[in-house]
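Here is the structure we will look at, set down as structure tokens.
No value in this document is a laboratory result; all are computed from the given coordinates. What you see is a predicted model, and the numbers here were worked out from it, not measured in a lab. Virtual Cβ from ideal backbone geometry, glycine too; neighbours counted across all protein chains shown.
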Amino acid sequence: MSDLSQTISAAFVNEFQSHAANLHKWADSLSDEQFWTNPFSYGNSVGHLILHLTGNLSYYIGARIAATGYVRNRDLEFTEASRTSKAHVLRNFDDTIAMVISTLQHQSHSDWTLSYSAERLHDAPNRFAAFLHCATHLYHHIGQINFLSRELTKP
């Protein structure tokens with residue numbers, strides 16, 4: 001792996017680890033009930049946002065780069081009614097982050113510029129752009145989770 005490839009991989013690994021820690025900062029303090037509660041008439045619960053993030057990363061990185069065989073049901077990420085335990089949802093998210101990190105660490109110098117294609121992601125022509133998109137998408141939704149968590153835990 002070249003110095004540039006190692007630098008890119010390490011920077012992305014740091015971002016995904018940092019984002020995952022921030023997600024836990026806001027989600028861990030919620031009860032199972034709060035985790036699945038949407039305090040507004042619009043948007044999503046923290047639980048549904050984490051299901052969405054897990055599905056997003058599992059598809060865009062897992063299925064499309066790591067060849068995990070993951071099959072995505074994007075609509076279910078926002079409508080799942082079973083209210084699986086918070087611990088189970090967070091464990092799946094953490095396992096997905098571990099898969100993303102492992103995939104990043106296995107990218108060679110030439111892998112970053114390999115052609116990339118996926119449903120609903122038309123502006124990522126290569127793997128570098130796909131990882132960048134996924135990192136910024138994760139960051140975006142952590143902002144929403146932060147806001148929801150603060151609302152749900154107001155005294």
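When both segment 119-141 and segment 66-117 are represented by their alpha-carbon centers, they are found 13 Å apart. Listed by Cβ neighbour count within 10 Å, with the fewest neighbours leading, S31, S149 appear as S31, S149. Residues D3, D95 in ascending order of nearby Cβ atoms (within 10 Å, fewest first): D3, D95.
All other residues whose Cβ lies under 9 angstrom from that of H48 are scored, Lys and Arg at +1 and Asp and Glu at -1, for a net of -2. Taking the fewest neighbouring Cβ atoms within 10 Å as the starting point, the ordered list for H24, H140 is H140, H24.
Helices in the chain that qualify as membrane-span-like (whole DSSP H runs, Cα extent of at least 20 Å along the helix axis, mean Kyte-Doolittle hydropathy of -1.0 or higher) are 3-27, 86-105, 127-152.
Among the chymotrypsin sites (Phe, Trp or Tyr not before Pro) in segment 24-63, those placed in a DSSP loop whose Cβ has at most 14 other Cβ atoms within 10 Å are F40, Y42.
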